[in-house]
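Notes follow the structure.
The values are calculated or read from the model by the stated rules, or taken from the named source; none is laboratory data. All figures in this text were calculated on a predicted structure; none of them were measured in a lab. So basically every Cβ, Gly included, is an ideal-geometry build from the backbone, and we count neighbours across all protein chains shown.
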Amino acid sequence: MSETLALVESPVQLLNVLEWAHVNPPASPSAARPGVASAAPGRGPLTVVVLSPKDVMSRGQLRRMTELAMDEGHNVHWCEPRSSRTALAKIATELTPELRRARRIVLGDPFSRLVQVLLPLSRAREITVVDDGTATMEFTELLTRGARLVRWHRSGRRRSPADTAFGAFAFAARRRLTPGHGREVELFSSMPATPPPGMALRANRFGWTRARFGPPLITASTDIVGTSLVETGVVDPERYLTAVGALAHTHGATRYFAHRRESPDKLRALAAATGLEIVRPDLPLELVARRGPIGHTVLSFPSTVLHTLPLALQGTGVRIIPCDVDPAWLTENASPRAQGFLASITDTAKA
């Protein structure tokens with residue numbers, strides 16, 4: 001039986017669960033990786049439930065991350081909740097005993113409908129939310145206001161019948177994520193997020209990443225970190241292509257680390273127009289950069305890595321430079337919140 005159950009849907013979420021486990025190792029020495037000290041009394045073994053996404057790159061990175069998780073002594077249960085219309089109901093039934101036994105739930109995406117369906121099935125009195133990138137910043141802000149947990153790039157869209165039908169699950173999940181009534185809710189984060197009253201905040205310093213990988217080889221070149229803002233309909237494709245080309249020319253960049261959700265067609269066009277070498281990482285960028293080689297300068301548009309790479313590459317001398325998104329690049333379908341939210345990411349990284 002696992003006292004701690006983690007629900008993850010992306011490679012970055014699983015990375016941050018491993019970082020959390022690194023500072024909360026299992027009470028039983030037999031459950032830990034050889035050479036890792038045992039934990040404070042009462043901390044039970046960790047089981048990771050992977051709610052697998054559909055896109056190929058995310059699945060590939062998740063497979064690699066599950067190997068690392070198992071190397072650390074954790075149990076991993078791979079699920080396919082998106083494989084059919086009835087898959088989630090079946091998985092929920094299968095997981096209900098584990099969810100009810102778990103003393104603590106660790107989750108990476110409080111906006112996820114899958115998580116919002118599963119969380120109310122749990123009786124856990126302790127909940128930890130780990131980073132799902134910049135979404136952490138909007139999660140804490142929305143929870144403080146008591147607002148619906150809707151991602152910023154979907155804000156402003158008309159609610160569909162499915163959204164309305166799902167409202168009861170979302171409401172129940174939000175209540176479980178709100179501290180109080182005997183529940184302890186913890187945020188484990190490397191982001192500049194302000195938790196609501198009653199929620200504990202613990203800093204994620206990427207200690208596991210630095211201990212497990214590197215130090216990296218630092219090259220004399222400049223790298224650019226890609227973003228999926230085009231794929232989410234926030235930024236115009238042609239404007240983005242032009243902006244990346246300008247950055248590559250100005251800074252002499254040679255490589256482009258693609259986001260796992262960037263489309264192959266877009267990446268081919270980008271390579272042809274800029275001459276950049278396109279790198280499709282097999283792990284989250286924090287691990288790839290720590291493993292090396294990595295350029296002495298890394299440029300990034302508004303992204304989680306503006307906050308995580310400085311921690312993962314601490315002490316290496318690599319410069320992480322934020323690059324703003326010009327409001328003129330936004331599409332007419334972009335959320336009204338887009339400009340302010342993207343600016344806040346780069347502004348807090350520059351601070």
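Number of residues in the range 232-256 that are under 20 Å from residue 346 (Cα atoms) and among the acidic types (Asp, Glu): the value is 1. Annotation note: of 65, 70, the sole residue that is assigned by TED's automatic domain parsing to the domain that holds residue 20, within 21 Å of the chain's Cα centre (by Cα) and surrounded by 16 or more Cβ atoms within 10 Å (Cβ to Cβ) is 65. Among the residues making up the range 248-265, those that are surrounded by fewer than 19 Cβ atoms within 10 Å (Cβ to Cβ) and at negative phi are 249, 250, 251, 254, 261, 263, 264, 265.
This table checks each residue for (1) in contact (Cβ under 8 Å) with a residue 12 or more places away in the chain; (2) out of contact with any strand residue (DSSP E or B) (no Cβ under 8 Å at 6 or more places or on another chain); (3) surrounded by fewer than 24 Cβ atoms within 10 Å (Cβ to Cβ).
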| position | (1), (2), (3) |
| --- | --- |
| 273 | yes, yes, yes |
| 276 | yes, no, yes |
| 283 | yes, yes, yes |
| 286 | yes, yes, no |
| 291 | yes, yes, yes |
| 298 | yes, no, no |
| 308 | yes, yes, no |
| 311 | yes, yes, yes |
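Being without any contact (Cβ under 8 Å) to a residue 12 or more places away in the chain, of a type outside the set (Ser, Thr, Tyr) and over 30 Å from residue 121 (Cβ atoms) is the requirement here; does residue 211 meet it? No; evaluated as a whole, the condition is false for this residue.
Per this entry, residue 245 is counted among residues that are at pLDDT 95 or above and either surrounded by fewer than 17 Cβ atoms within 10 Å (Cβ to Cβ) or of a type outside the set (Val, Ile, Thr) (or both).
Residues in the range 247-266 that are closer than 17 Å to residue 232 by Cα and without any contact (Cβ under 8 Å) to a residue 12 or more places away in the chain: 264, 265. Looking only at residues in the range 174-209 that are touching a Pro at 6+ places or on another chain (Cβ under 8 Å) and part of a loop (DSSP other than H, G, I, E, B), the one that is surrounded by the fewest Cβ atoms within 10 Å (Cβ to Cβ) is 197.
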